[in-house]
Structures are given as structure tokens and as C-alpha cells.
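> The structure that follows is given in the form of C-alpha cells.
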Amino acid sequence: MSKRDYYDVLGVSKKASADDIKRAFRKKAKDLHPDRNSDKSNAEARFKEVNEAYEVLKDAEKKAAYDQFGHAAFEGGRGGGSYSGGFSSADDFPFGGFANAFGDIFETFSGRRAAPRDRATRGSDLRYDLSITLEEAFSGLNKNLNVRTMVNCEECDGSGSKGAVPPTVCPTCGGAGKVRTQSGLFTVERTCPTCSGVGHIIKDPCPACHGAGRVDRQTQLNVNIPAGVDSGTRIRLAGKGEAGVRGGPAGDLYIFIDVKPHELFQRDGSNLFCRVPVSMTLAALGGDTEVPTIDGGRSRVRIPEGSQSGRRMRLRDKGMPVIRSDEIGNMFIELAVETPVNLTSEQKRLLEEFEGISADNNPESNSFFSSVKSFWETMKG
């Protein structure tokens with residue numbers, strides 16, 4: 001079953017502001033919370049769906065990717081778009097994304113304590129825009145990319161603690177990441193001010209990463225670009241995005257291909273088109289000419305006698321390969337009959353002489369002006 005559009009899930013338009021999206025989510029999450037809909041079998045599924053939509057639309061970068069590519073922007077990885085509240089029933093995790101959506105303060109309906117925040121967090125996905133030539137898209141290539149990203153700190157093995165000493169449980173929240181107070185009929189829960197919601201503290205931070213567990217580094221990756229890629233092709237490198245936080249899995253790296261325009265060939269899928277100028281004489285008398293091919297070679301083409309501008313001719317299997325397939329497209333050449341310029345007196349004389357004896361050699365012109373004459377006579381009548 002295909003996913004619903006995230007905007008439809010929240011009931012907002014694509015032009016909705018961040019505040020509008022947040023307000024819509026709060027209302028939906030409150031109305032659909034499983035604790036308030038225990039009698040409805042689909043309440044939990046709809047609650048997850050609302051959380052998933054908000055996780056994408058509240059983030060400007062993820063929202064831009066979703067607006068351009070839809071759900072495909074997060075295929076093959078969680079990409080931040082899928083809901084990761086981590087519960088299988090309302091009893092396992094009664095508040096999930098609902099508590100996060102209301103920030104530090106929210107109202108509970110069951111009085112049960114929310115689960116602590118996950119300590120391990122998946123790293124962010126990265127995007128790399130790669131421009132290649134049409135020739136490279138034809139043959140495929142291996143490319144070394146320099147990518148700046150967050151990697152695990154080698155000094156502390158990603159723990160954030162000096163000497164990789166395990167962190168200690170936060171004494172304020174007992175590892176829950178939140179502290180609670182009673183305010184009249186409502187229970188107010190806030191992010192723990194001591195551990196900032198992590199649930200544990202690092203007494204002696206690693207000097208290399210200052211307790212973050214990750215450092216900013218430029219890494220080199222070798223990427224195989226298959227033959228036949230086109231502009232918009234997306235290549236996913238699993239686990240090559242940012243390192244996870246506190247042992248979490250790394251994100252993915254998405255390479256978006258852009259094929260540069262070519263001076264000779266225009267591409268349409270697996271087919272190529274090439275405009276070939278031919279002289280007036282060659283077009284009239286017919287003959288052979290050579291045309292370039294994308295593999296760097298040349299093909300001899302027979303120009304039929306009396307060819308006109310715009311005539312197309314097909315060269316089989318001279319186009320682009322279809323990605324991950326043995327199929328190859330065709331190449332189409334379009335003739336452009338060229339009128340001679342900078343004529344000498346002798347050339348003009350010969351052309352005028354030719355024009356005088358070629359009244360029957362221009363059937364298209366004769367047909368056109370015959371229709372024009374008929375049109376004028378009709379208008380006069």
C-alpha cells in the first residue's frame with residue numbers, strides 16, 4: 001500500500017508555514033493519541049503516520065527534498081522521514097512523538113511515565129551533487145569524491161568520554177532524560193536540565209571531540225557510476241553519511257547525478273539526436289557523409305537524393321545504454337540543408353541560370369504558391 005501524502009496526513013497545504021505545520025501536528029497528535037482512542041483499532045497506526053509526516057515537514061532540508069522527490073527522497077534508508085518512536089503498542093510507549101512535539105511541556109492522559117530518550121541516534125543522511133559529461137554517462141566511470149562529514153572520534157571511540165570511559169547515569173533524572181512535576185490536575189514533564197535529555201552525563205569529556213563523540217573530517221570515497229545514468233539519477237551509499245551519535249548507526253550518502261549539456265548531441269532517455277548540416281548540392285544530388293557517435297567514433301550515412309531540411313535518419317544502437325541493462329538506444333540525425341553564402345559573381349550567374357531551367361524541380365514551392373493563388377482568388381470572389 002502506498003504512503004499517503006504527508007501534507008494530506010497533517011491536513012495542510014504545501015504553502016503552509018512552519019508554525020501552521022506545527023499547529024496542525026499538535027492537534028492531530030492530540031486527537032489521535034492511542035491513550036485517548038483505545039477503542040479504535042487504527043488509532044495507533046494513524047498516530048505513527050502523523051508523527052512520520054511531521055518528522056519530515058518540520059525540517060527545512062527534509063521538507064525541500066520531499067517537495068522535490070516525494071517519498072522517493074527517503075527510499076532505501078530511514079532518511080529522517082520514517083517514524084522511529086520505537087513502540088509496538090500504546091502500552092510500550094504511551095507518548096512517543098506526542099511528547100516531543102509539545103517540546104518540554106505536555107499533558108498526560110494516563111499518568112504513566114514516558115520512556116527515556118534513545119541514547120544512540122542514527123547519523124544524518126548526506127547529499128552530494130555530481131556533474132559528469134555525456135561521454136562519462138555513456139561509458140560509466142569510477143570517481144573519487146571528497147566528502148566532508150562527521151565521523152566517529154578515534155580518541156574516545158565515539159563515546160565522547162576521555163579514554164572511552166562509559167558515561168554515568170544522570171543523578172537528576174535517573175536515566176529517563178526528563179523530570180516531572182505536578183501542577184494541579186496536570187503532570188508537567190520537562191527535559192532534564194542536567195543531562196539535556198540524554199539520560200547520562202560525561203564527567204571527563206574527550207579533548208579531541210569535546211564530548212560530542214564525533215569530529216568533522218574530509219573523507220575520500222570511491223564511487224562506481226554505472227553506464228547509462230541520466231540527470232536526476234540517485235545513487236545510495238549505505239552507511240557513508242554522518243556517523244551516529246553515541247554508537248548509533250551511520251546515515252547514508254545520496255549522490256545525485258547531473259549530466260552536462262553536450263555541444264553535438266541532445267539526449268532523450270536512451271536516444272540521442274544530432275543536427276547535421278549538409279550542403280545544398282549534397283542534399284540535391286545525394287551522397288555519403290560522416291557523422292560523429294557518442295563513443296568517439298564515426299558512422300557513414302547515405303544522404304538520399306532530394307533530401308530536405310528536417311529529414312530524420314536513424315542509426316540503430318548508436319545511442320545511450322540503458323542503466324543496468326544490455327539494451328542500447330538509437331541515434332537520430334536531422335538534416336539541415338545549408339544555403340551557400342558569400343557567392344562569387346560566377347556562382348551567382350550559374351545559380352541564376354539553374355533557376356531559369358528548374359521550374360519543375362521545386363514541387364513543394366509550386367504546390368504552396370498554387371494554394372496561395374487559389375486563396376487570393378477565393379478572397380476576391
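> What is the residue count in region 128-178 for residues that are among the aliphatic types (A, V, I, L, M), crowded, with 17+ Cβ neighbours inside 10 Å and more than 30 Å from L221 (Cβ to Cβ)?
Residues meeting the conditions: 1.
> Could you list all residues from region 244-272 that are of a type outside the set (D, E, K, R) and within 30 Å of E334 (Cα to Cα)? Before you say what the answer is, go through the steps one by one.
The first filter runs over region 244-272 and keeps only residues of a type outside the set (D, E, K, R), leaving 244-245, 247-251, 253-257, 259, 261-262, 264-266, 269-272.
Those that are of a type outside the set (D, E, K, R) and within 30 Å of E334 (Cα to Cα): I257, V259, P261, H262, L264, F265, Q266, G269, S270, N271, L272.
> Right, another one. Please name all residue pairs, on different chains or six or more residues apart, with Cβ atoms under 7 Å, provided the first residue is in region 262-274 and is over 14 Å from P292 (Cβ atoms) and touching a residue at least 24 places away in the same chain (Cβ under 8 Å) and the second residue is open to solvent by less than 50 Å² (accessible area, probe 1.4 Å) and assigned to a strand (DSSP E or B).
N271/F332
> Among the residues of region 294-313, how many are without any contact (Cβ under 8 Å) to a residue 40 or more places away in the chain, over 24 Å from T133 (Cβ atoms) and either surrounded by fewer than 11 Cβ atoms within 10 Å (Cβ to Cβ) or of a type outside the set (V, I, T) (or both)? Explain how you work it out, then say what you get.
To start, the set of residues in region 294-313 that are without any contact (Cβ under 8 Å) to a residue 40 or more places away in the chain comprises 297-307, 309-313.
If we keep only those that are over 24 Å from T133 (Cβ atoms) too, we end up with 300-307, 309-313.
Next, only the ones that are either surrounded by fewer than 11 Cβ atoms within 10 Å (Cβ to Cβ) or of a type outside the set (V, I, T) (or both) stay: 300, 302, 304-307, 309-313.
Of the residues in region 294-313, 11 are without any contact (Cβ under 8 Å) to a residue 40 or more places away in the chain, over 24 Å from T133 (Cβ atoms) and either surrounded by fewer than 11 Cβ atoms within 10 Å (Cβ to Cβ) or of a type outside the set (V, I, T) (or both).
> Look through region 118-127, keep the residues that are open to solvent by less than 80 Å² (accessible area, probe 1.4 Å) and outside any loop (DSSP other than H, G, I, E, B), and return whichever of them is nearest to G247 (Cα to Cα). Give the steps one after another, and end with the answer.
Filtering region 118-127 down to residues open to solvent by less than 80 Å² (accessible area, probe 1.4 Å) leaves 120-126.
Those still in the list that are outside any loop (DSSP other than H, G, I, E, B) too: 121, 126.
Details: T121: 7, L126: 18 Å.
Of everything passing the filter in region 118-127, T121 is nearest to G247 (Cα to Cα).
> Any idea how many residues of region 236-267 are loosely packed, with under 15 Cβ neighbours inside 10 Å, at pLDDT 95 or above and part of a loop (DSSP other than H, G, I, E, B)?
4
> Among the residues of region 350-360 satisfying the criterion of being farther than 17 Å from P340 by Cβ and open to solvent by 100 Å² or more (accessible area, probe 1.4 Å), which is nearest to the chain's Cα centre (by Cα)?
Kept after step one, since they are farther than 17 Å from P340 by Cβ, are these residues of region 350-360: 356-357, 359-360.
Among the residues that remain, those that are also open to solvent by 100 Å² or more (accessible area, probe 1.4 Å) are: 357, 360.
On the way: I357: 62, D360: 58 Å.
Top of the filtered list is D360.
> Quick one: in region 179-198, which of the residues that are modelled with pLDDT of 85 or more and in contact with a Gly (Cβ under 6 Å, 6 or more places away or on another chain) is surrounded by the most Cβ atoms within 10 Å (Cβ to Cβ)?
C192
> So which of K40, K3 is in a loop (DSSP other than H, G, I, E, B), more than 32 Å from the chain's Cα centre (by Cα) and at pLDDT below 90?
Values: K3 fails: more than 32 Å from the chain's Cα centre (by Cα).
Of the residues listed, the single one that is in a loop (DSSP other than H, G, I, E, B), more than 32 Å from the chain's Cα centre (by Cα) and at pLDDT below 90 is K40.
> Taking the condition modelled with pLDDT under 95 and either of a type outside the set (G, A, S) or in contact with a strand residue (DSSP E or B) (Cβ under 6 Å, 6 or more places away or on another chain) (or both), does R324 pass?
Numbers: modelled with pLDDT under 95: yes; either of a type outside the set (G, A, S) or in contact with a strand residue (DSSP E or B) (Cβ under 6 Å, 6 or more places away or on another chain) (or both): yes.
Yes.
> Same structure again: Tally time: how many residues in region 268-290 are closer than 18 Å to E305 by Cα, in contact with a Leu (Cβ under 9 Å, 6 or more places away or on another chain) and surrounded by 16 or more Cβ atoms within 10 Å (Cβ to Cβ)?
4
The values are calculated or read from the model by the stated rules, or taken from the named source; none is laboratory data. All figures in this text were calculated on a predicted structure; none of them were measured in a lab. With ideal geometry, Cβ positions are generated from the backbone for all residues, glycine too; neighbour counts draw on all protein chains shown. Just the protein is used for accessible areas: all its heavy atoms, side chains included, with ligands, DNA and RNA removed. Shrake-Rupley method; radii C 1.70, N 1.55, O 1.52, S 1.80 Å.
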